[in-house]
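First up is the structure itself, then whatever we jot down about it.
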Amino acid sequence: MLEWATSPLGQRVPIHIAWFLIWVAVIAGLLFLIGHAIYVRYWAKQKEFASEPPATEIRELPARIPRHTLPARLFHWIMAAAMFVLLFTAFLPKVGVQFNWVTYHWIAGSVLTVSILFHMIHATFCMDFWSIWPDRADLEDAGRRCRRFFGKSAALPGKFAKYPLENKLYHGVVMLTGLAVIASGICMMFRVRTIFFPRDPYLFSDMTWGLMYVLHGLAGVGLITLTMVHVYFAIRPEKLPITASMVVGSMSREFYLKEHDPRRWVVEGLSGRSTADGD
Ligand code: HEM
């Protein structure tokens, strides 16, 4: 799983992950999407939800439901571009496509870091911060969905808030992986020449550097699988309206009502209730 070397002090230290893990991550991503596509095609039942919202609330809704503000969409696409540049510059040289990748890599890494900092501030002060974290209703509904999946009797689950539990869990995993790759990446910039600070390869011991490279590599290959899964869902036919909302900022009222509960995802500007912004 790791590649090792002997330091000038004679200590055996890890230097980075073994690169076959790139293929493990790609194959894991492919297996997930093939398995999911087969499950949806042949086994998945129509989603069923409990009570409909009152007709008066539905009549109040606009034809287009605002979903992502312009700053949130710009953040998403800048982060996505940085992520693809990082993945390709990191892993193409490891699978035989040689080029001077380090400069492009730390520049994209800096763009990702700044975009994530912006997102953290924006999400904390301008968005509905809690919309992306699992709440009690998510867990209760997940329990009901699991029991029904295994053929046990359970009440119908409610419709989702702005983000279903699966999306919230994905966000949590990608957040932790992203923070690991950013924190280790910033330290690793001391090993190469950048415009930010003087190079200092002696900042940490050989063992600490080795573990830093291992953490960066593990989080990096994890992001291969996570990105594949994300893109797969983005291009699934039934999810295209969600993907389109990341371009145009809104979705149709019909799509919104199909899976979302207007009491849990309150639409902006309705009856003076709180807004439903999010990432
Ligand atoms: C999708 C995100 C990222 C992936 C997949 C990724 C992957 C990698 C990989 C596989 C390496 C080679 C490491 C080795 O030889 O063991 C590397 C090196 C490096 N990464 Fe990243 N990285 C990502 C994000 C970042 C970020 C956000 C930064 C900076 C903030 C960064 C900075 C660096 C630097 C400076 C190196 C070069 C280290 C050297 O050559 O000594 N990376 N990255």
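The values are calculated or read from the model by the stated rules, or taken from the named source; none is laboratory data. Values in this document were obtained by computation on a predicted structure and should not be read as measured data. As a convention, Cβ positions derive from the backbone with ideal geometry for all residues, glycine included, and neighbour counts pool all protein chains shown.
Going by the structure shown, is residue 176 part of a helix (DSSP H, G or I), surrounded by fewer than 13 Cβ atoms within 10 Å (Cβ to Cβ) and within 16 Å of the ligand (Cβ to nearest atom)? Step through it out loud before you land on a result.
Details: part of a helix (DSSP H, G or I): yes; surrounded by fewer than 13 Cβ atoms within 10 Å (Cβ to Cβ): yes; within 16 Å of the ligand (Cβ to nearest atom): yes.
So residue 176 fits the description; yes.
Please name all residue pairs, on different chains or six or more residues apart, with Cβ atoms under 6 Å, provided the first residue is in segment 227-239 and is farther than 16 Å from residue 35 by Cα and the second residue is surrounded by 15 or more Cβ atoms within 10 Å (Cβ to Cβ).
Here the result reads 239/233, each pair linking segment 227-239 to a residue that is surrounded by 15 or more Cβ atoms within 10 Å (Cβ to Cβ).
For residue 196, all conditions in the list (1) hydrophobic (A, V, I, L, M, F, W, C); (2) surrounded by 13 or more Cβ atoms within 10 Å (Cβ to Cβ); (3) within 22 Å of residue 79 (Cα to Cα) hold save one; what is the number of the exception?
It fails just one condition, (2).
State whether the residues of segment 11-24 include one that is away from the ligand (no atom under 16 Å from the Cβ), surrounded by fewer than 11 Cβ atoms within 10 Å (Cβ to Cβ) and not in a helix (DSSP H, G or I).
Kept after step one, since they are away from the ligand (no atom under 16 Å from the Cβ), are these residues of segment 11-24: 11-12.
Adding the requirement that they be surrounded by fewer than 11 Cβ atoms within 10 Å (Cβ to Cβ) leaves none.
Scanning segment 11-24, I find no residue that is away from the ligand (no atom under 16 Å from the Cβ), surrounded by fewer than 11 Cβ atoms within 10 Å (Cβ to Cβ) and not in a helix (DSSP H, G or I), so the answer is no.
How many residues are away from the ligand (no atom under 12 Å from the Cβ), more than 17 Å from the chain's Cα centre (by Cα) and closer than 20 Å to residue 223 by Cβ when one looks only at segment 71-118? I'd like the intermediate steps shown before the answer.
In the first step, residues of segment 71-118 are kept if they are away from the ligand (no atom under 12 Å from the Cβ); the result is 71-78, 96-99, 118.
If we keep only those that are more than 17 Å from the chain's Cα centre (by Cα) too, we end up with 71, 96-99.
Those left that are additionally closer than 20 Å to residue 223 by Cβ: 97.
Residues meeting the conditions: 1.
For segment 151-193, which positions are among the β-branched types (Val, Ile, Thr) and under 19 Å from the mean Cα position of the chain (by Cα)?
Filtering segment 151-193 down to residues among the β-branched types (Val, Ile, Thr) leaves 173-174, 177, 181-182, 186, 192.
173, 174, 177, 181, 182 - these are the residues of segment 151-193 that are among the β-branched types (Val, Ile, Thr) and under 19 Å from the mean Cα position of the chain (by Cα).
Can you spot a residue in segment 226-236 that is within 24 Å of the chain's Cα centre (by Cα), in a helix (DSSP H, G or I) and within 10 Å of the ligand (Cβ to nearest atom)?
So the first thing to find is which residues in segment 226-236 are within 24 Å of the chain's Cα centre (by Cα), and the list is 226-236.
So of that shortlist, the ones also in a helix (DSSP H, G or I) come out as 226-235.
Within this subset, residues satisfying the condition of being within 10 Å of the ligand (Cβ to nearest atom) are 226-227.
So far as segment 226-236 goes, yes, one or more of its residues are within 24 Å of the chain's Cα centre (by Cα), in a helix (DSSP H, G or I) and within 10 Å of the ligand (Cβ to nearest atom).
Regarding residue 275, is this residue at pLDDT below 95 and surrounded by fewer than 17 Cβ atoms within 10 Å (Cβ to Cβ)?
Details: at pLDDT below 95: yes; surrounded by fewer than 17 Cβ atoms within 10 Å (Cβ to Cβ): yes.
Against the criterion (at pLDDT below 95 and surrounded by fewer than 17 Cβ atoms within 10 Å (Cβ to Cβ)), residue 275 qualifies.
For segment 195-213, what are the residues that are closer than 18 Å to residue 113 by Cα and more than 7 Å from the ligand (Cβ to nearest atom)?
Let us first name the residues in segment 195-213 that are closer than 18 Å to residue 113 by Cα, namely 195-197, 212-213.
Listed by number, the residues that qualify are 195, 196, 197, 212.
Every residue, every condition in (1) of a type in the set (A, V, I, L, M); (2) in contact with a strand residue (DSSP E or B) (Cβ under 8 Å, 6 or more places away or on another chain); (3) surrounded by 16 or more Cβ atoms within 10 Å (Cβ to Cβ), yes or no:
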residue: 55; (1), (2), (3): yes, no, no
residue: 65; (1), (2), (3): yes, yes, yes
residue: 72; (1), (2), (3): yes, no, yes
residue: 79; (1), (2), (3): yes, no, yes
residue: 84; (1), (2), (3): no, no, no
residue: 93; (1), (2), (3): no, no, yes
residue: 97; (1), (2), (3): yes, no, no
residue: 105; (1), (2), (3): no, no, yes
residue: 109; (1), (2), (3): no, no, yes
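Find the helices (runs of 4 or more DSSP H) located wholly in segment 40-156 whose residues include 2 or more that are modelled with pLDDT of 95 or more, and list them.
Ranges flagged: 70-91, 101-125, 136-149.
Could you list all residues from segment 119-150 that are under 16 Å from the mean Cα position of the chain (by Cα) and over 16 Å from residue 163 (Cβ atoms)?
120
Within segment 25-46, how many residues are touching a helix residue (DSSP H, G or I) at 6+ places or on another chain (Cβ under 7 Å) and exposed (fewer than 13 other Cβ atoms within 10 Å of the Cβ)? Don't jump to the end; show me each part of the working.
Step one: list which residues in segment 25-46 are touching a helix residue (DSSP H, G or I) at 6+ places or on another chain (Cβ under 7 Å), which gives 25-26, 28-29, 32-33.
Within this subset, residues satisfying the condition of being exposed (fewer than 13 other Cβ atoms within 10 Å of the Cβ) are none.
Qualifying residue count, segment 25-46: 0.
Would segment 244-257 turn up any residue that is among the hydrophobic types (A, V, I, L, M, F, W, C), at pLDDT 95 or above and outside any helix (DSSP H, G or I)?
Yes, segment 244-257 has at least one match.
Going by what's in this entry, would residue 149 be described as surrounded by 16 or more Cβ atoms within 10 Å (Cβ to Cβ), away from the ligand (no atom under 12 Å from the Cβ) and either of a type in the set (A, V, I, L, M, F, W, C) or closer than 22 Å to residue 136 by Cβ (or both)? Steps first, please.
Working: surrounded by 16 or more Cβ atoms within 10 Å (Cβ to Cβ): no; away from the ligand (no atom under 12 Å from the Cβ): yes; either of a type in the set (A, V, I, L, M, F, W, C) or closer than 22 Å to residue 136 by Cβ (or both): yes.
Considered against the rule, which asks whether it is surrounded by 16 or more Cβ atoms within 10 Å (Cβ to Cβ), away from the ligand (no atom under 12 Å from the Cβ) and either of a type in the set (A, V, I, L, M, F, W, C) or closer than 22 Å to residue 136 by Cβ (or both), residue 149 comes out as no.
Among the residues in segment 186-201, are any touching a residue at least 60 places away in the same chain (Cβ under 8 Å) and touching a Leu at 6+ places or on another chain (Cβ under 8 Å)?
No, segment 186-201 contains no residue that is touching a residue at least 60 places away in the same chain (Cβ under 8 Å) and touching a Leu at 6+ places or on another chain (Cβ under 8 Å).
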